Structure formats: C-alpha cells, structure tokens
Amino acid sequence: MSLFRTILFAADFSEDSKEAFRVACSLAVEKEARLIVFHVTLPTLVAEEPVYKGQRSVHFTNARRDEIRHESLREKMREFYCPAHRLTVEYRTNEGLAAEEILRKADEVGADLIVVGTHGSTGLRHLLAGSVATAVIRGAHCPVLAMRTHDRLKHTEGIRVILHPTDFSDVSEAALHVARSLARDAGARLVILHVYPFNELAVPEDPRDFRAALEQLRERTDGPDLKHPVETRLSKGDAADVILGIAGEINCDLIVMGTHGRTGLRRLL
C-alpha cells in the first residue's frame with residue numbers, strides 16, 4: 001500500500017512555493033496519490049451598522065463568503081500551480097487563519113501528508129519563529145514535509161539521501177517509519193543520526209551507549225528491500241547545528257524527523 005494516498009499542499013502564491021509544489025507533484029505521481037492545493041485567505045471584515053458620530057470603537061464581523069472571489073482565486077491557483085506532468089489536482093480555498101484552516105482541511109480530507117514551504121533563511125532555527133509552517137508541524141496529525149524554499153535545489157535528480165535525526169523516542173520511531181518507506185520507494189540512502197548534548201557542568205554521557213542504541217536501530221531498519229544499507233552517525237553538540245552540518249556534509253535531499261507536539265513555552269524549552 002502506498003504511504004501517501006492524499007497529499008495536501010498549502011499554497012501561498014509565493015514564487016518560492018512553486019518548488020515545494022513541484023515536490024508535492026512528484027510525490028503524487030510516484031504514489032498515485034490525490035493532490036489537493038489549498039489556499040487560505042483572510043476573511044473580509046465589515047463594520048457594524050449604524051456607526052454613530054463620536055463612537056469610540058467599531059465592531060467588525062466577517063462578511064458573507066464571496067463565491068465569485070473564491071472562484072477567481074481558484075482560477076489563479078490553476079494558473080500559478082500547474083503541474084508539469086499529467087496529474088489530476090484539486091484546487092480549494094477557505095477563509096480564516098492559515099495554520100488553523102490547513103490543519104482543519106488536512107483532517108477533513110484525511111491527508112497522509114501536508115506539504116508546506118518555509119521561507120526562513122536560518123534553517124532549522126526558523127522553526128522557533130512562530131511561522132505558519134511551525135504551527136502546522138506542531139498541530140498536524142500526519143507527516144509534514146516542510147520545505148525550505150528560499151534557496152533553489154542544486155539538483156533535480158530527486159530524493160537520493162535522506163537524513164533521519166532520532167532521539168530514540170516513540171515519536172522518532174514513527175518518523176523513522178516514514179523515512180524508511182521513502183528511502184525504499186526512492187532507492188535513496190538512509191542515514192540515521194543521533195546528537196547528544198555537550199555540557200561541561202553535567203556528568204559526561206558514555207557515547208558507547210548511544211552507539212549500541214544506533215546499531216540496534218540500524219539492524220531493525222535495514223532490509224533487502226532497501227537499495228542501500230542503512231547508515232548511522234553519532235555526534236555531540238547543539239542538535240540543530242549538528243543536524244544542519246551533517247545534512248550539508250552528506251548532500252542530504254530530505255530531513256525526516258519527529259516533533260513532540262508540545263506548545264508554547266514548554267515546547268521552546
């Protein structure tokens with residue numbers, strides 16, 4: 001059974017998002033999946049009536065949905081997000097807050113994957129910035145492909161190297177399942193990475209324990225259906241910096257990692 005049967009692409013009409021759309025189309029073609037392109041626009045607000053002279057505040061309410069406006073938006077989407085290959089694409093729109101509506105639509109259509117672009121210029125650290133992509137990653141009930149589209153891909157050969165950072169949690173285990181399935185279907189290398197923190201004030205951790213855990217994970221993950229044997233990496237330092245460094249070192253095309261779904265200050269800590 002295909003891993004992704006319904007793919008939801010979050011459209012924002014930016015030039016950079018076209019690259020994320022291309023990837024969504026590629027996955028949909030390869031998996032014969034349903035592809036839904038979804039755009040969220042802010043609702044039109046109208047002032048209450050009547051408004052009296054000298055009134056200190058005015059209350060606004062959402063105007064009735066303008067179907068002509070939404071059809072115009074969908075027509076614009078068909079032109080802006082036109083697949084390069086023969087592919088049936090559904091174009092949908094809604095009004096509201098982008099992240100909330102994307103998550104709601106994903107649940108409504110039973111999406112197996114959400115593809116969303118992130119325009120940040122600082123890699124994984126952008127995920128602390130409170131963007132739409134961050135909110136979607138935090139709240140989604142399915143895998144999310146958050147693609148940094150600020151820089152164009154250096155090659156178009158597809159997914160050749162997949163990096164899976166793990167902390168050995170159940171959430172990471174679920175992400176590893178996705179990473180392995182993608183590596184199998186794409187014939188890609190799969191590299192499993194664990195980063196343990198460096199803290200001069202804490203009792204030093206024995207890296208042999210982490211190597212043993214990585215080896216057990218490699219043995220469970222490897223198999224004859226994979227084109228390349230599973231590889232492992234162990235490193236020490238700041239997780240975000242190390243992950244980005246290793247990704248560049250191995251010419252990684254895709255990072256697949258889990259998020260624990262915590263919110264607010266607790267998540268940042």
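Every number here is computed from the coordinates shown, using simple stated rules; none is lab data. If you're wondering where the values come from, they're calculated on a predicted model, not measured in any experiment. Note: ideal-geometry Cβ built from the backbone for every residue, glycine included; neighbour counts use all protein chains shown.
Odds and ends about this structure:
- The label-point distance for residue 18 and residue 206, in a model that sets each label 7 Å from Cα toward Cβ, rounds to 5.6 nm.
- At R0 = 22 Å, FRET efficiency that the Cβ-Cβ distance of residue 213 and residue 174 yields, to 0.05: 0.80
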